1. Any idea which residue in region 106-123 is farthest from PHE81 (Cα to Cα), counting only those that are within 14 Å of the chain's Cα centre (by Cα) and part of a loop (DSSP other than H, G, I, E, B)?
2. crowded, with 16+ Cβ neighbours inside 10 Å, over 22 Å from ASN150 (Cβ atoms) and touching a strand residue (DSSP E or B) at 6+ places or on another chain (Cβ under 8 Å) - does that describe any residue in region 96-104?
3. Give the residue that is farthest from the chain's Cα centre (by Cα), with candidates limited to residues of region 20-54 that are closer than 24 Å to GLU80 by Cα and outside any loop (DSSP other than H, G, I, E, B).
4. Just name the residue that is modelled with the lowest pLDDT out of those in region 145-165 that are in a loop (DSSP other than H, G, I, E, B), among the hydroxyl-bearing types (Ser, Thr, Tyr) and closer than 21 Å to SER110 by Cα.
Amino acid sequence: KDCVASSHSWACIDPAVFIDDDGQAWIFWGNRECYYAKLKENMVEIDGEIKQVNFEGLAFTEAPWVHKRNGKYYLSYATEFPEKIAYAMADKIEGPYVYKGILNEIAGNSNTNHQAIVPFKNQWYFIYHNGGINPDGGSFSRSICIDTLNYRPDGTIHKIKMTTEGPTGD
């Protein structure tokens, strides 16, 4: 059985699980449309109905990723093609999500881009890919990259400065 009724076969790709502060797990996924659902405690069954994220801004392509900081939910996702990473913010996991902008532009010679945003030792990091390791390998090559991610005082995110060195520090 398909995970959602859709007019195309890629609707159920790129799952990402987010566990909220209360321990509740949620799953987000999709291609062209972004879907989400609450997970049961076993984390393999959906608890309730599947819902679609509706937000204005650049169209959702794929690769949803949710993180939370200072009580705000951030939904980042790939948009357009070649792909850039955009993001939206909400006060609740269910939204509504408000588009805030582009996090990073097209990553080198890679047509695709997927991301993760994680904290480590009091710093947030943006993990993504480009085609840097194999520049002659075609536009779908994926070389992992990591750079620092910084927030403004209002909670919005500065655009990522893509580097070839990655973060520095201890």
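The values are calculated or read from the model by the stated rules, or taken from the named source; none is laboratory data. The structure displayed is predicted, hence computed values, not measured ones. Positions of Cβ are generated from backbone atoms using ideal geometry, with glycine treated the same way; all protein chains shown enter the neighbour counts.
1. GLN115
2. Taking every residue of region 96-104 in turn, none turns out to be crowded, with 16+ Cβ neighbours inside 10 Å, over 22 Å from ASN150 (Cβ atoms) and touching a strand residue (DSSP E or B) at 6+ places or on another chain (Cβ under 8 Å).
3. Ranking the candidates gives LYS51 first.
4. Result: THR164.
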